[in-house]
Amino acid sequence: MEPLLKTSNLSKSFGGIKAVQDFNVYINSGELVGLIGPNGAGKTTAFNLLTGVYTPTTGNIEFNGHSLVGMKPYKITKQGIARTFQNIRLFDHLTVIDNVKIAYNYHIKYTLAEAILRVGRYGSEEEVVEKKAMELLEIFNLADKKDELAANLPYGQQRRLEIARALAAQPKLLLLDEPAAGMNPQETHELMEMISWIRKTFDLTILLIEHDMSLVMGICERIYVLEFGKILAQGIPDEIKSNTEVIKAYLGEEV
Amino acid sequence: MIKQLRKQDVIFLLLSLVIFAVFQFLMSERILTSFWRLNVTVICLNIILASSLNLINGVTGQFSLGHAGFMAIGAYVSAVCTMFFHLPFICSILAGAAAAGVLGFCIGTPTLRLQGDYLAIATLGMGEIIRICILNIPQVGGASGMSGIPTETTFPWLFGCMIVTLFVLKNIINSNQGRACLSVRENAIAAEAMGINTTAFKVFAFTVASMFAGLAGALFSHYFGIAHPSSFTFMRSFDIMTMVVLGGLGSLSGSIVGAVLLTFIAAAMQSYPEYRMIVYALLLIILMLYRPNGIFGDKELASVILSKWKKGGENDGTTAENK
Amino acid sequence: MGDNLFLQFVQQLINGISLGSIYALIALGYTMVYGIMKLINFAHGDVYMVGAYVGFFAATTANLPFFPSIILAMLATGLGGVIIERLAYKPLRHHPKIAILTTAIGVSLFLEYTTMLLLTPQPRTFPPLLPNAIYHIGGLIISFQQIVILAVSVILMILLTYVVNHTKMGKAMRAVSYDPDAAQLMGINVDKTISFTFFVGSSLAGAAGVLVGIYYNSIEPLMGIMPGMKAFIAAVLGGIGIIPGAMAGGLILGVVEALISGFISSTFRDAAAFAILIIILLIKPTGLFGKNEHEKV
């Protein structure tokens, strides 16, 4: 079977610095893959390449049989890739539920005229969106906060809202950029369970960047290790754990 | 849900009808002096201008300073339609609005790639270029402007157009399209990542707002009977922007209040022309220093009242949840 | 004929350079303030107007010669700039940019109309502080005033460059414009640095006001609007926040305007300035001397 996502020789340089080099990964449909690496290894750059924020210097990205190179971010989302951000990017001054509703934007078909006169598909579609958004908020335990401003949520809830919002875009592939950053072990554990659960429920493929080893090792089926913009190793969690190169990259030469 | 929303619309329209009836009575019975009749007219025009600019500056979070230019297009195109082609009034104002909308689209497409201050300056420049171009077309009077335009803008026309503007803007803001515009303001990168074509929605907001500015311009020239380039300088764009900022970016009720307030201040100072602008300037500075987010912030009057009422209800120990 | 055209071209070039050096002086103030506060100080053009009036009274009422007049105007406007910043901008430093911009517009109107109230809207004839000598050099006309304007501008720009690049205050200015919070943590007095920036920027505008008064013989309360706008365009053209950029931008704009009024029509002069602005914004929004920056995702 063709993988859902496949990159070939993907590279990105900024000026003379090669942030990502010969990045070759594949993700099969339904897999949960981790991308780890020390700070500055180029993980977020890789995400930005996949989501069209950056255009690759060379190489190709194939998703679901289409090349994504040169596509604008919003078009890539429409192809079925949604993401969260390392430094949370919510719509701060909008309500929690509006944050989620916005992600349904391109699934809504009513025209401007219908919206202005509030006729035709406007009523039915708005109702559907409201219902779906509420369902998602309930899943993420945010239903009672639906009318609060996103900025006023505590940190952990903001992280959850970001995932809820990404899911509202109804992606095939979900990219999570350090979802557990800043969480305590208890919260991280809950997040792990939630990620596994949403993958099953929404039939998702997930690629996640993470620093927290317990999270990555606990739930990922396959792991890529990035160092200095290059892939250092890949394999199942047990292989990665015992890979001396990886240990060196993480803990330094002395070990 | 849709029933509730429609009910809101009906309440809105009924309320406007009542306000219209009151003013129509005051005007036709000549209870308002001609000075105040003029100011009511100016308020209506300013509400159209401010609320439409709010769609760009407040809702979509882009920073336009060129609204006067689009107003000029509306004023001149409609005047040309009535005077040279003898079109009926309604066709002329629609033509004025459409022309401004089209130009807004053409100008918006390249310039909206710019951000923040750069966009502000570019739109300001665009507005001035429009004005200077008009100034150099002898067929429409050049620097001396056009005069003798039939004065067909009556109060019902003006009020009706204002209500249409507010109604359309209100429902756009509360739609899928409006949410997309808001997301552009809040975080353009996240909006793109959620599948929103941010450029398209910026251009959309700019085009719609330009169209209404054109409408206001058309009503303007057919009220006063003249169209003069000096009416559409960047000072007017500043004026409109001030109304929006003063009322609160993103709040339609704010734009209305801002427009009314500033027009009143200007009118009240009419008899002291030499102090007028100084007081106006000082008020602007003081208001900004004390309410930098405007009078309403980004909230709407209705929701402010509603939340006050809810809070009051909770204090009384009763729930306000009985919808 | 061709010779004539060439002469005319050089003549316009000379006029453009003297006009441009005035734009450059005003543009420097815009650029410095923008660099340090990210604020388009719409009142800057009116500070320039105030400078012209101070120079006028220094020369007429106090009967001072050229240099004391211009220095007095610079001190007065510099002080004025500091006061404006303290009263109207500082309290809004951490608020939405549009709020502070609105205040700037308020300050601008306040200066214009207070001047009008106190000193009447009538234009005043600026006293001839400099000898009205005119030199004919091979068919070209150069006035003594043009030479002085250019010389004063160049000296002030050299001084400014020295201050920014080689003094402690200049270093503080650069630090604050790069990252005000970090600068504060490093022990730089941000308030004082911003005040200083306003002082320098405004005093340059004051000098420009006096020079224009001498050049055009006439001053009035609304004289600051258009040159203010043009100077801002010059600042954007060179890359806003970049000091050499403002100088180059001012000169380029002055020359283009002179050429357009000389060869096409002076009615299109203002439109041309705005057109340049938009073209540069669309092609290279960071200006001729600017570097491209991207938001980090």
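The values are calculated or read from the model by the stated rules, or taken from the named source; none is laboratory data. Here the structure is a predicted model, which is why all the values come from computation and not from measurement. Every residue, glycine as well, gets a Cβ built from its backbone with ideal geometry; the counts of neighbours run over all protein chains shown. Just so you know, the surface numbers come from the protein's heavy atoms only, side chains and all, with ligands and any DNA or RNA stripped out. Shrake-Rupley method; radii C 1.70, N 1.55, O 1.52, S 1.80 Å.
Which listed residue (A:LEU35, A:VAL20, A:ILE247) has the Cα farthest towards the positive end of the charge dipole for chain A, taking +1 on Lys and Arg C-beta and -1 on Asp and Glu C-beta about the Cα centre?
A:VAL20
Rg and Dmax in Å for the stretch C:160-257, alpha carbons only: what are they?
When restricted to the Cα atoms of the stretch C:160-257, Rg and Dmax are 15.6, 49 Å.
Quick one: Karplus J couplings for the stretch A:186-201, per residue in order, coefficients 6.51, -1.76, 1.60, θ = phi - 60°, nearest Hz, x for Gly and Pro?
Calculated HN-Hα couplings, in order: 4, 5, 4, 4, 4, 4, 4, 5, 5, 4, 4, 5, 5, 4, 5, 5 Hz.
Normalising by the residue count of the stretch A:93-155, find the relative contact order in percent from Cα pairs under 8 Å and 6+ residues apart.
Relative contact order of the stretch A:93-155: 55 percent.
What is the spin-label model distance, in nm, from A:ASP22 to C:ILE83 if the labels are put 7 Å beyond Cα along the C-beta direction?
Result for the modelled spin labels: 6.9 nm.
How about the stretch C:189-297: which trypsin sites (Lys or Arg not before Pro) there are in a DSSP loop, with at most 10 other Cβ atoms within 10 Å of their Cβ?
C:LYS291, C:LYS296
What are the residues whose amide H is under 5 Å from the amide H of A:ALA233, where those residues sit 5 or more places off or on another chain and H is modelled from the backbone?
A:VAL225
For q values of 0.12 Å⁻¹, compute log₁₀ I(q)/I(0) with the Debye formula on a Cα-only model of the stretch C:56-189, without solvent.
Result of the Debye calculation: -0.79.
What are the membrane-span-like helices in chain C by this rule: whole DSSP H runs, Cα extent along the axis at least 18 Å, mean Kyte-Doolittle hydropathy at least 1.0?
Helix filter hits for chain C: C:2-37, C:66-84, C:97-119, C:144-166, C:190-216, C:225-238, C:243-263, C:269-283.
Hey, with R₀ at 41 Å, roughly what FRET efficiency would C:ASP181 and C:VAL154 work out to, going by the Cβ-Cβ distance, to 0.05?
0.70
In debye, nearest 20: dipole of the stretch C:134-230 around its Cα centre with unit charges on the Cβ of K, R (+) and D, E (-)?
Result for the stretch C:134-230 is approximately 200 debye, rounded to the nearest 20.
Ratio to report: Rg/Rh of the stretch A:137-255, with Cα atoms as the point set and Rh obtained by the Kirkwood method; give two decimals.
1.02
When every alpha-carbon pair in chain C is counted, what percent end up more than 31 Å apart?
When every Cα pair of chain C is considered, 27 percent fall beyond 31 Å.
Give me the percent of accessible area attributable to carbon and sulfur for chain C, probe 1.4 angstrom.
Solvent-exposed carbon and sulfur of chain C make up 69 percent of the total.
Using only Cα atoms, locate the centre of the stretch C:104-165 and the centre of the stretch A:17-52, then give the distance between them in Å, rounded to an integer.
Cα centroid to Cα centroid, the span is 59 Å.
Whenever you get a sec, compute what percent of the accessible area on the stretch A:1-143 sits on carbon and sulfur atoms (1.4 Å probe).
Accessible surface attributable to carbon and sulfur in the stretch A:1-143 totals 50 percent.
Could you derive backbone 3J(HN,Hα) for the stretch B:64-73 from the dihedral phi with the Karplus parameters 6.51, -1.76 and 1.60 (θ = phi - 60°), listing whole Hz in sequence and x where the residue is Gly or Pro?
So the J values, rounded to whole Hz, are 9, 10, x, 4, 4, x, 6, 4, 4, 4.
Quote the total accessible area buried by chains A and B together, excluding ligands, DNA and RNA, probe 1.4 Å, nearest 100 Å².
For chain A against chain B, roughly 3100 Å² becomes buried.
Can you check what the net charge comes to around A:ASN9, using other residues whose Cβ is under 14 Å from the Cβ of A:ASN9 (Lys, Arg +1; Asp, Glu -1)?
+2
Just the ratio, please: alpha-carbon radius of gyration of the stretch C:224-286 over 2.2 N^0.38 Å, N its number of residues.
1.05
Once label points are set 7 Å from the Cα along Cα→Cβ at both C:LEU75 and C:MET226, what is their separation, rounded to one decimal in nm?
That separation, rounded to one decimal, is 3.3 nm.
Quote the convex hull volume per residue of the stretch C:5-98, based on C-alpha atoms, as a whole number of Å³.
Output value, Cα hull per residue: 127 Å³.
Treating the stretch A:93-155 as a set of equal point scatterers at the Cα positions, no solvent, please give the Debye-formula log₁₀ I(q)/I(0) at q = 0.11, 0.15 Å⁻¹.
Normalising to I(0) and taking log10 leaves -0.28, -0.50.
Rounded to the nearest 0.05, what FRET efficiency is calculated for B:GLN8 and C:LYS171 with R0 set to 60 Å and r the Cβ-Cβ distance?
For R0 = 60 Å, the calculated efficiency reads 0.55.
Which value, in Å², gives the accessible area per residue of the protein assembly as shown when a 1.4 Å probe is used on the protein heavy atoms?
Dividing the accessible area of the protein assembly as shown by its residue count gives 42 Å².
Just the number: Rg to Rh for chain B, Cα atoms, Kirkwood Rh, two decimals.
Ratio of gyration radius to Kirkwood radius for chain B: 0.98.
Put one equal scatterer on each alpha carbon of the stretch A:206-249, apply the Debye formula with no solvent term, and list log10 I(q)/I(0) at q = 0.26, 0.33 1/Å to two decimals.
Debye curve over Cα of the stretch A:206-249, log10 I(q)/I(0) at q = 0.26, 0.33 Å⁻¹: -1.02, -1.44.
Report the Stokes-Einstein translational diffusion coefficient (µm² s⁻¹, integer) for the stretch B:82-207, Rh taken as the Kirkwood radius over Cα pairs, at 25 °C with viscosity 0.890 mPa s.
Estimated diffusion coefficient is 142 µm²/s.
Which FRET efficiency value, to the nearest 0.05, do you get for A:ILE236 and A:VAL69 by plugging their Cβ-Cβ distance into 1/(1 + (r/R0)^6) with R0 = 22 Å?
According to the calculation, E is roughly 0.15.
Mean separation of Cα pairs under 8 Å and 6+ residues apart, divided by the residue count of chain B: what relative contact order is that in percent?
About 28 percent, as a whole number.
Stick to the Cα atoms of the stretch B:131-285, pair each with every other, and give me the Kirkwood hydrodynamic radius in Å at one decimal.
This gives a value of 18.0 Å.
Just by accessible area at a 1.4 angstrom probe, what is the order of C:LEU253, A:LEU232, C:LEU118 from largest to smallest?
Of C:LEU253, A:LEU232, C:LEU118, the descending order of accessible area is C:LEU118, A:LEU232, C:LEU253.
May I ask you to evaluate 6.51 cos²θ - 1.76 cosθ + 1.60, the Karplus curve with θ = phi - 60°, for each residue of the stretch A:40-48 and list the ³J(HN,Hα) values in order in whole Hz, giving x for glycine and proline?
Ordered by residue, 3J(HN,Hα) equals x, 6, x, 5, 5, 4, 4, 4, 5 Hz.
Whole percent per 20 Å bin, from 0 to the bin with the longest distance: what is P(r) over all C-alpha pairs of the protein assembly as shown?
Once binned at 20 Å, the Cα pair distances of the protein assembly as shown give 13, 40, 34, 12, 1.
If each of B:VAL304 and C:LYS38 carries a label point 7 Å out from its Cα toward its Cβ, how far apart are those two points in nm?
Placing both labels 7 Å along Cα→Cβ, they lie 2.8 nm apart.
Just how many % of Cα pairs in chain A lie over 23 Å apart, if you round to the nearest whole percent?
Tail fraction, whole percent: 53.
Leaving out same-chain residues fewer than 8 places away, which lysines sit with a Cα under 25 Å from that of A:LYS132?
Within reach: A:LYS75, A:LYS78, A:LYS101, A:LYS109, A:LYS145, A:LYS146, A:LYS172, A:LYS200, B:LYS3, B:LYS7, B:LYS170, B:LYS323.
Report the accessible surface area buried between chains B and C, summing both sides, using a 1.4 Å probe on protein heavy atoms only, in Å² rounded to the nearest 100.
3700
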